[in-house]
1. If a residue must be more than 28 Å from D82 (Cβ to Cβ) and either of a type in the set (D, E) or more than 26 Å from the chain's Cα centre (by Cα) (or both), how many such residues does the range 1-13 contain?
2. Every residue in the range 43-68 that is free of Cβ contacts under 8 Å to residues at least 60 places away in the same chain and either part of a helix (DSSP H, G or I) or within 21 Å of Y141 (Cβ to Cβ) (or both), please.
3. Would you check which residues across the range 138-176 are among the basic types (K, R) and more than 21 Å from A79 (Cβ to Cβ) and list them?
Amino acid sequence: MATSDVVICNLALNHLGSDALLSSINPPDGSTESGYCARYYPVARQELIEMFPWTFAKTRVALSQVTNPSSTWTYAYAAPSDMVQPQRILTASTLDAYGFFPFGGLLRADEVALFTERGSAQFESENGMLLTHEPDAVLLYTRDITDTSKFTAGFTVALSYLLASYLAGPLIKGSTGADAALRLRKIAQSKAGEAMANDANSSVETSQYVPEHIRRRA
């Protein structure tokens, strides 16, 4: 779905019954509505991205080790600057449960890759660091996406309603604005749920099931 931050903001204003048509929010085009959209759009976007491991926002990176302040964890790594939510520390050691040695020659590299996505080493996120026992850690995480061309249609619609809930208070004063904000947030939650379901159905997470022909190698 081709869109832009301005299109999403105009959708949000439409949900409020406004006939304002913004031309820019970065920088604001000078209108009151544009100023509020510039303030609240990034907040709403990050809130919605944080709710779910969206496929379009998922990425992985080899982590950089830093000085370890913990006596509990073996390694400390710097968290990526664009990280919204850590998902997993990827590890081939999840295969150990099946009696395989991850790099012992029983499995080809591509077969190992089948199983590393779901498994995760234990880790803890703390003060901009990720603490774990996993050496050479690779993090699967949700990152902040500002490129609206990456958004799915469902995410875009949910974001427009969530943004509208933020705009309702400043643009519609008093209890009427507060009521509108609550109503729009409920719609946003419903639309987000639909988008999450569609996103989950569009990708297949690798399973921990071990095919028979691989089990016979053990």
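Every read-out reported here was derived from the displayed coordinates using simple, explicitly stated rules and does not represent laboratory data. Bear in mind the structure is a predicted one, so any value in this text is a computation, not a measurement. Note that we place each Cβ from the backbone using ideal geometry, even for glycine, and neighbour counts take in every protein chain shown.
1. 0
2. S64, Q65
3. K150, K173
Here's the yes/no breakdown for (1) under 19 Å from the mean Cα position of the chain (by Cα); (2) surrounded by fewer than 19 Cβ atoms within 10 Å (Cβ to Cβ); (3) within 24 Å of A79 (Cα to Cα):
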residue	(1), (2), (3)
S18	no, yes, no
S24	no, yes, no
S31	no, yes, no
C37	no, no, no
A44	yes, no, yes
F56	yes, yes, yes
S64	no, yes, yes
N68	no, yes, yes
